[in-house]
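Encoded as structure tokens, the structure appears first; notes follow it.
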Ligand code: NAP
């Protein structure tokens, strides 16, 4: 068998994160669903196998967060990496700034919370450094400068190798950058959720900030698996995701069917490949692809060696405009600040 580093080079494109020594694959595995919470449960052995298979498909970046399954996702990522002796081959991205109490989540990006969280994450991940540490959501009750200062301190101590923020606006990033270096932005981005194109994408490019776009498959909508009668069970967030509720669900599913036909006719691919290739061709660093079964990552192998030309991009835009007449963004996912009605899906 070829050594892992050799396999990685063959299967995937890589990009450097400016201002750091990190080189990341252009597709990352996202492990929110692996935590189980808001995704109808999880299976540890299957999850470990999925993370291992990500590496076999050339992925070297694993994104997790303490809140995903309230520690469970980080623990599973830590187990997969430690037991496979893979630490040197993997770039671990995790987050801080959300707290939970009996399953109710709210924002807390205070100094004391982040100092506690970093130690908890290191323990769960079974490592002594985090490659990319991201503030999960801006906290309106804590000055951005306080959050930036503590992130800078962790960076200077070597506990984290890159500083990131997620779900921040350009103005919030500006304030952050007056206090600390900022290497990574993790915003929502996919064919159906393109809000960052107005400002965050050009801002990050201009300032050499890597973009890890989350929700590459729009929570599975862009996989091509969804049918008008697909139903979700348990605490699956798609039961309350406005894109998965009529009348919008039928519009999005119709758009996916047309995008799938376009992918087949123009590129000999399927909609899942088109959606992720499109993201990469828009100039972001990495697409975060959520998976919890090893076979879900099979399509990653078909992303390299082609790109989406201007006329196909125009055709994609036309399909979206004609079919999704009532578009909606990912705002439903935003957790509340402390004291507001907490976000709970038990
Ligand atoms: P996503 O990538 O848009 O979709 C993931 C879901 O798509 C999977 O759980 C699976 O659903 C389905 N899927 C994946 N591969 C498939 C395949 N080959 N065929 C059919 N279905 C497939 O979703 P996401 O998990 O929301 O986003 C990706 C990652 O971004 C997260 O895991 C997390 O790391 C990150 N994220 C960050 C934030 C933030 O605030 N920073 C927010 C959201 C996500 P089923 O298993 O149910 O079929």
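Go ahead and set up a Gaussian network model of the chain, Cα springs under 10 Å, then flag whichever of 226, 279, 333 fluctuates most. Top of the fluctuation ranking is 333.
Could you give the C-alpha radius of gyration of region 149-256 expressed as a fraction of 2.2 N^0.38 Å, taking N as the number of residues it contains?
Working: Rg = 17.7 Å, N = 108, 2.2 N^0.38 = 13.0 Å.
Scaled against compact globular proteins, the figure is 1.36.
Based on DSSP, what percent of beta bridges with both residues in the chain are antiparallel, to the nearest 5? Restricted to the chain, the bridges split so that about 25 percent are antiparallel.
Rounded to the nearest 10 degrees, the inclination of helix 111-125 to the longest alpha-carbon principal axis of the chain is 70 degrees.
What's the Kirkwood radius of region 227-346 in Å, using all Cα pairs?
On the way: mean 1/r = 0.0604 Å⁻¹.
For region 227-346, the Kirkwood estimate is 16.6 Å.
Taken along the Cα-to-beta-carbon direction at a fixed 7 Å, the label points for residue 332 and residue 301 span 3.5 nm. Note on the chain: helix-only mean residue ellipticity at 222 nm, from DSSP H runs of 4+ residues weighted -39500 (n - 2.57) and normalised by residue number, equals -10500 deg cm²/dmol. If you fit an axis through the alpha-carbon atoms of helix 271-281 and take the longest principal axis of the Cα set of the chain, what angle between them do you get, 0 to 90°, nearest 10? Between helix and principal axis, roughly 60 degrees. In the distance distribution for region 1-149, Cα-Cα pairs more than 23 Å apart total 38 percent. Inverting the pair-averaged 1/r between distinct Cα atoms of region 237-278 gives 11.0 Å as its Kirkwood hydrodynamic radius.
All C-alpha to C-alpha distances of the chain, sorted into 10 Å bins beginning at zero, yield P(r) values of 5, 26, 36, 25, 7, 0 percent in whole numbers.
Within the listed set 23, 104, 206, the Gaussian network model of the chain (springs between alpha-carbon atoms below 10 Å) gives the highest mean-square fluctuation for 206.
Looking at region 68-142, the pairs of alpha carbons with a distance over 22 Å make up 23% of the total.
May I ask for the angle, rounded to the nearest 10°, between helix 310-323 and the longest principal axis of the chain, with both axes built from Cα atoms and the value confined to 0 to 90°? Result, in degrees: 90. With both labels modelled 7 Å from their Cα along Cα-to-Cβ, the residue 208 to residue 159 distance reads 2.7 nm. Modelled this way, with points 7 Å down the Cα-to-C-beta line, the labels at residue 14 and residue 129 are 1.6 nm from one another.
Readers should treat all values here as calculations from the given coordinates under stated rules, not as data from a laboratory. All values reported here derive from a predicted model rather than from experimental measurement. As a convention, Cβ positions derive from the backbone with ideal geometry for all residues, glycine included, and neighbour counts pool all protein chains shown.
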